[in-house]
1. Given a Förster distance of 22 Å, report the FRET efficiency between Tyr37 and Asp331 from their Cβ-Cβ distance, rounded to the nearest 0.05.
2. Residues with beta-carbon under 12 Å from that of Met196, excluding Met196: net charge, scoring Lys, Arg +1 and Asp, Glu -1?
3. How big is the gap, in Å, between the Cα center of the stretch 260-277 and the Cα center of the stretch 279-310?
4. Determine which aspartates and glutamates satisfy two conditions relative to Lys185: a Cα distance under 15 Å, and not lying fewer than 8 residues away in the same chain.
5. Compute the length gained on full extension between Lys128 and Asp160: take 0.36 nm times their separation in residues and subtract their Cα-Cα distance, giving the result in nm to one decimal.
6. List the residues, sorted by chain then number, that are 5 or more residues from Arg438 or on another chain and whose placed amide H is less than 5 Å from its amide H.
7. May I ask you to evaluate 6.51 cos²θ - 1.76 cosθ + 1.60, the Karplus curve with θ = phi - 60°, for each residue of the stretch 36-46 and list the ³J(HN,Hα) values in order in whole Hz, giving x for glycine and proline?
8. Need the list of lysines near Lys100 for cross-linking: C-alpha distance under 25 angstrom, and skip anything on the same chain fewer than eight residues off.
Amino acid sequence: MTSLSLRLPSGPRGKLRNTWRVLKSPRHFFQDCVAKYGDPFTMNAINGKVVVTGRPELIEQIFRADPDTFSVFASEGLKPILGAGSLLMMEGPDHRAERKRVAPPLHGDRMRVYGETMKRIAEQAIRKREDGQPFTGLQLGTEISLDVILQTVFGADSEDLLQEFRVCTRAALDRSWPVLFFSPKMQFGFAGLSPMDRLRNAQQQLRGALKRELDRRGSTIADREDILSILARPTEDEPHLDFEHLADSVGTLLFAGHETTAVSVAWALYHLHRNPGWLDQLRVEIDASDGSPLTYSKMPLLMGVVQETLRLNPIVTEVLRTLRRPFSLGDYHLPVGHSVAAAACLAHYDETVFVNPNEFDPSRFVDQTYSPSQYFPFGGGNRRCVGAAFATFELAIVLGTILRSHELELLDQGDVVSTRRNITMGPSTGVNLRVIQRRGVDRV
Ligand code: HEM
């Protein structure tokens, strides 16, 4: 190892300023830093020193490292909100065991069964939009993705129950202000009125709804295949239900499993309506199909649209890990306590990998594949999104269903930019749209 390798990469000064710029527009901030300091660079922020990279060969080192190299980034700030039982907060053997329990209902044959439900929910949601009345793609996407996760993954089977979960989940999300996630100092209580108090209150209501539903299910959880029932079942290691753990776990799945997909629906509709040539080509593909959920998930251009949307607008702009052991990243030897960030918002705009990276071009995914360190909207390594297959399947079905039956108009005149929602980023306007025509194919 040379003495050079012991230095940290250089980077911008000013903790607060850096934190503010990451919150505001990570891509532009990171791109400025790379232009000035090179890749990787070190960012000093309120959550500590983070070495950021968008270079595939370095990202591969992060994703391929022994999982025990890392601990969860910023857990001090995130744990009070997400809870110790959240998959996002777990580490080591507990993390592996929880993924084993959660993953099966989100993959393979079980997931395919959900296709019809996804299609029905999307049809109902778009049909409710009155001709000419404005709505946002984000509202539409949220309505669909929240119902999808509640009905398929959680097995919510009555309108009353759905409504109760919808209200509680949205209330908790609407009160998840970014500043609470990024600064533990802001998580103070104040006579029930502080932002943290209001978030806690919404979370308690969600927990109450969950408890009532588990009581209602009683012993039937033994025979049910939804995640809620699976997580509530006793295991050899845990013969008695730890309700707090279960509630953390369920809360994370609800949060991670619908907000992300909703934002992607909005972005996909935005890009398609800004690029009418691609919209026309996609319609030809969709209209020629039988409109079944399984067909949608296999249509090359539709899948290209989904992937290209996630390339241009990764919902999580960088995935972070904190070092519990020294770690070599390229020429640098990073000490314990520092963090590393694999930045999708840099890698996805690398022009040596993606020609004209600022352009929406779904064909780049039709006959080309990219390595998991060049393209990673779902993160990577042992923490790669457990819902990636489910989300991709859902996005294809939702977009296929909406575009087959309705013609929409984009009402936003200028560029819609990416803004911070909480941990995630989303479209600044929500993407304003209206229905201009109900179409002949499967007219609804
Ligand atoms: C377009 C939709 C989605 C996107 C873009 C997305 C993206 C991500 C990303 C970037 C991560 C972090 C991965 C890492 O640290 O390497 C993640 C983790 C996670 N996602 Fe997703 N996600 C989506 C949908 C879903 C869905 C539908 C579910 C569940 C039904 C889900 C559940 C989770 C969970 C539980 C984790 C934590 C995994 C762990 O730490 O082991 N996500 N997701």
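1. Approximately 0.95, to the nearest 0.05.
2. Residues near Met196 contribute +3 overall.
3. Comparing the Cα centres of the stretch 260-277 and the stretch 279-310, I get a distance of 13 Å.
4. Glu76, Asp197
5. Extending this stretch completely gives an extra 9.6 nm.
6. Glu407
7. 8, 10, x, 10, x, 9, 9, 10, 8, 10, 5
8. Within the straight-line limit of under 25 Å, Lys100 reaches these lysines: Lys79, Lys211.
The numbers here are math on the coordinates, done by the rules we state, and not lab data. Everything quoted here is computed from the prediction, not taken from an experiment. All Cβ positions, even for glycine, are placed from backbone atoms using ideal geometry, and neighbour counts span all protein chains on display.
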